[in-house]
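Enquirer: Pasting a structure here, questions to come.
The values are calculated or read from the model by the stated rules, or taken from the named source; none is laboratory data. Only a predicted model underlies this, so the values are computations on that prediction, with no experimental measurement involved. Heads up, the Cβs are rebuilt from the backbone with ideal geometry, glycines too, and the neighbour counts pull from every protein chain shown. Surface areas here come from the heavy atoms of the whole protein model, side chains and all, with no ligands, DNA or RNA. Shrake-Rupley method; radii C 1.70, N 1.55, O 1.52, S 1.80 Å.
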Amino acid sequence: MTVLSIEGLSKTFDMHVLGDTRVTGLDDVSFDVHEGEFLAIVGESGSGKSSLLKCLYRTYDPTAGRVIYHDGDEEFDLASCGDRVVMGLRGDRIGYTSQFLDEIPRVPAVDVVARPLVEQGTAVEEAREQARGLLDALHVPAELWDAYPATFSGGERQRVNLAQALAPKPDLLLLDEPTSALDPETRQAAIDLLESYLDDETTVVGVFHNTDVVAQIADRVVTLDDGRLQSVVPVTEYDQEVSR
Ligand SMILES: Nc1ncnc2c1ncn2[C@@H]1O[C@H](COP(=O)(O)OP(=O)(O)OP(=O)(O)O)[C@@H](O)[C@H]1O
Ligand SMILES: [Mg+2]
């Protein structure tokens, strides 16, 4: 079953400061995302990977194209639906972690992670217990659980961010380089958690630089080149490309 049908998606940036220059982020990209798959997005720096994820989460308004999100009998065009529809889909239906951590609220780490669970209706103490379990699985030291992430290292923040996005088990999870700041052992813990915590029906679209991670976790691989779609292949074929 198809979860997302991406059709002719484009994003250009008008740079007024640069004398009205136009920068291309994404150029006429089309592909489908299947329910329950782990789809990796790869490509050189500046090829449009983050722009693609931001268009899917509607952090960016696409310039052209459609992103049809199939949710049971309902369909939404994420490229053009109203903000209120977007806000309604975010949370337990569509989750997202950004590549660079935005402003960190002055809230203890455990509550940052517990918040989406509480919003889903879980009792506060139970939500905190689940949040501690997630932080523990990501090797965040217990003495940090009640501290403010503002003082955390980049890798610690990244793990709080990932735990928060995973916690509500969204149907579609968009991850922008969720393990880039982690050492190999912690990165493996994150991959193990992604595989064990999420349901089989959960669809993940994740940007990754590390080819080992892609080979280990992805079902299919989308390669972008200068904002354009270069290829969509099963991970077995991507594996061969890398090892050649
Ligand atoms: N908000 C923005 N304003 C102007 N240009 C942008 C903006 N966001 C992205 N771009 C441009 O779009 C292109 C693609 O950027 P994007 O961040 O999507 O690349 P990326 O593949 O995620 O790169 P990286 O691997 O370095 O994270 C780049 O040329 C970038 O400068
Ligand atoms: Mg990026």
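Enquirer: Using a Förster radius of 30 Å, what is the FRET efficiency between GLN120 and SER231 based on their Cβ-Cβ separation? Nearest 0.05, please.
Expert: Values: r = 37 Å, r/R0 = 1.25.
Using R0 = 30 Å, I get an efficiency of 0.20.
Enquirer: Suppose every K and R has +1 on its Cβ and every D and E has -1 on its Cβ; what is the size of the dipole of region 21-157 about the Cα centre, in Debye to the nearest 20?
Expert: 500
Enquirer: Expressed in nm to one decimal, what extension gain is obtained for the pair GLN99 and ASP199 from 0.36 nm per residue of sequence separation less their Cα-Cα distance?
Expert: Working: separation 100, 0.36 × 100 = 36.00 nm, distance 2.36 nm.
Taking 0.36 nm per residue and subtracting the Cα distance, the gain is 33.6 nm.
Enquirer: Which of VAL17, ALA64, PRO141 sits closest to the plus end of the dipole of region 2-243, meaning its Cα is farthest towards the positive end, when Lys and Arg get +1 and Asp and Glu get -1 on the C-beta?
Expert: Result: VAL17, furthest along the dipole toward the positive end.
Enquirer: Taking the Cα centre of region 1-98 as the origin and placing charges on Cβ (Lys, Arg +1; Asp, Glu -1), which of VAL33, CYS55, VAL3 is farthest toward the positive end of the dipole?
Expert: Working it through, the farthest residue towards the positive pole turns out to be CYS55.
Enquirer: So if R0 is 35 Å, what FRET efficiency would ASP71 and ASP20 give, r being the distance between their Cβ atoms, rounded to the nearest 0.05? Spell out each step's value before the answer.
Expert: Numbers: r = 39 Å, r/R0 = 1.11.
It comes to 0.35.
Enquirer: By how many degrees, between 0 and 90 and to the nearest 10, does the Cα long axis of helix 124-137 differ from the longest principal axis of the chain?
Expert: Around 70 degrees separate the two axes.
Enquirer: Farthest toward the dipole's positive end in the chain, which of GLN99, ALA150, THR179, given Cβ charges of +1 (Lys, Arg) and -1 (Asp, Glu) about the Cα centre?
Expert: Selected residue: ALA150.
Enquirer: Are there chymotrypsin sites (Phe, Trp or Tyr not before Pro) in region 76-131 that DSSP marks as loop and that have at most 16 other Cβ atoms within 10 Å, and which are they? Walk me through the numbers on the way to the answer.
Expert: Numbers: sites: PHE76, TYR96, PHE100; in loops: PHE100.
Sites meeting the loop and neighbour criteria: PHE100.
Enquirer: To continue, here is another question. Could you state how much accessible area ILE191 has, in square angstrom rounded to the nearest 10, with a 1.4 Å probe and all protein chains kept in place?
Expert: In the full protein context, ILE191 sits at about 0 Å².
Enquirer: Hand me the chymotrypsin sites (Phe, Trp or Tyr not before Pro) from region 153-238 located in a DSSP loop with no more than 11 other Cβ atoms within 10 Å, in residue order please. Present the calculation step by step, with values, prior to reporting the outcome.
Expert: Values: sites: TYR197, PHE208, TYR238; in loops: PHE208.
When the chymotrypsin sites (Phe, Trp or Tyr not before Pro) of region 153-238 are filtered for loop state and at most 11 Cβ neighbours within 10 Å, nothing remains.
Enquirer: Based on alpha-carbon centroids, what's the gap between region 105-130 and region 66-80 in Å, whole number please?
Expert: Centre-to-centre (Cα) distance: 29 Å.
Enquirer: Using a simple charge model, +1 on the beta-carbon of Lys and Arg, -1 on the beta-carbon of Asp and Glu, nothing else, what dipole does region 2-243 show about its Cα centre, in debye to the nearest 20?
Expert: Roughly 720 debye for region 2-243.
Enquirer: So, in Å, what gap is there between the alpha-carbon centers of region 172-244 and region 20-56?
Expert: Comparing the Cα centres of region 172-244 and region 20-56, I get a distance of 14 Å.
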